[in-house]
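Asks: Attaching a single structure in structure tokens format; questions to follow.
The values are calculated or read from the model by the stated rules, or taken from the named source; none is laboratory data. Quick caveat, the model's predicted, so the values are computed rather than measured. All Cβ positions, glycine included, derive from the backbone under ideal geometry; neighbour counts span all protein chains shown.
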Amino acid sequence: MGRMLLAAGAALMAGWAGASCSGPPEAENDAELVGPLAVVQGQVDAFNRHDAEDLLSWVSLAVEWVNVQGSITSVEVRGREMLRDYMATYFEAQPTVRSEIEEAVVTGDFVAVRERASWTAPDGEERSQTSLAVYHVRDGLIQRVWYYPVVP
């Protein structure tokens, strides 16, 4: 569960500081993001602040986080309430985790990203891993996210 939880949580928010619910965040290079990428970045920024309530503001009521392992997919989280509980547990277990979007491609309502999660392990060692995720954003909210296996 630890690796899956870290991968899913990090991928979810992955990159994904300083945004608020009131509008799109600013990119690190000070250029404003627009459209689906701004929504994904807003969710990642909330993740990095460990702000589960703000994170929920970026997702639909029926949001789904889908884990993809080869030809098998499984829904890890379904709905805002389940996401709230999941993230509270995750942030408690991973108090130093942060995520960043290393690369993104936007195609219509879909945002494909390579995300890097970083954290300090209990032994004090700095660790990180990358993953691929595809976000479906519609009406300004994340509807579904597909997470692919992590790579150290």
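Asks: In this structure, is ARG80 surrounded by fewer than 18 Cβ atoms within 10 Å (Cβ to Cβ), in contact with a Leu (Cβ under 6 Å, 6 or more places away or on another chain) and within 25 Å of GLY35 (Cα to Cα)? First the steps, then the outcome.
Replies: Working: surrounded by fewer than 18 Cβ atoms within 10 Å (Cβ to Cβ): yes; in contact with a Leu (Cβ under 6 Å, 6 or more places away or on another chain): yes; within 25 Å of GLY35 (Cα to Cα): yes.
Yes, satisfied.
Asks: Still on this structure: Within region 87-97, is there a residue that is within 20 Å of VAL68 (Cα to Cα) and of a type in the set (Asp, Glu)? Don't jump to the end; show me each part of the working.
Replies: Within region 87-97, the first condition is being within 20 Å of VAL68 (Cα to Cα), and the residues that meet it are 87, 90.
Next, only the ones that are of a type in the set (Asp, Glu) stay: none.
For region 87-97, residues within 20 Å of VAL68 (Cα to Cα) and of a type in the set (Asp, Glu): absent.
Asks: Could you tell me how many of the residues in region 113-128 are under 18 Å from PHE91 (Cβ atoms) and among the aliphatic types (A, V, I, L, M)?
Replies: 2
Asks: Out of all the residues in region 116-124, is one or more crowded, with 19+ Cβ neighbours inside 10 Å and within 13 Å of VAL40 (Cα to Cα)?
Replies: no
Asks: Same structure again: Output the strands (runs of 3 or more DSSP E) that fall wholly within region 69-130 and possess 1 or more residues being of a type in the set (Lys, Arg) and under 15 Å from TRP146 (Cα atoms), or say none.
Replies: Working: elements: 72-78, 98-107, 110-120.
Where strands (runs of 3 or more DSSP E) fall fully within region 69-130 and carry at least 1 residues being of a type in the set (Lys, Arg) and under 15 Å from TRP146 (Cα atoms), they are 72-78, 110-120.
Asks: If I filter region 126-137 for residues that are out of contact with any Phe, Trp or Tyr (no Cβ under 9 Å at 6 or more places or on another chain), at pLDDT 95 or above and surrounded by fewer than 17 Cβ atoms within 10 Å (Cβ to Cβ), do I get at least one hit?
Replies: No: zero hits.
Asks: Please count how many residues of region 36-56 are assigned to a loop (DSSP other than H, G, I, E, B) and either buried (at least 19 other Cβ atoms within 10 Å of the Cβ) or in contact with a Ser or Thr (Cβ under 9 Å, 6 or more places away or on another chain) (or both). So that I can check it myself, show each step before the final result.
Replies: Just the residues of region 36-56 that are assigned to a loop (DSSP other than H, G, I, E, B), to begin with: 49-51.
Cutting the leftovers down to either buried (at least 19 other Cβ atoms within 10 Å of the Cβ) or in contact with a Ser or Thr (Cβ under 9 Å, 6 or more places away or on another chain) (or both) gives us 50.
So the count comes out to 1.
Asks: Please identify the pairs in which a residue from region 71-85 that is modelled with pLDDT of 95 or more has its Cβ atom under 8 Å from the Cβ atom of a residue that is assigned to a helix (DSSP H, G or I) and among the acidic types (Asp, Glu), counting only partners at least 6 apart or on another chain.
Replies: ARG84/GLU53
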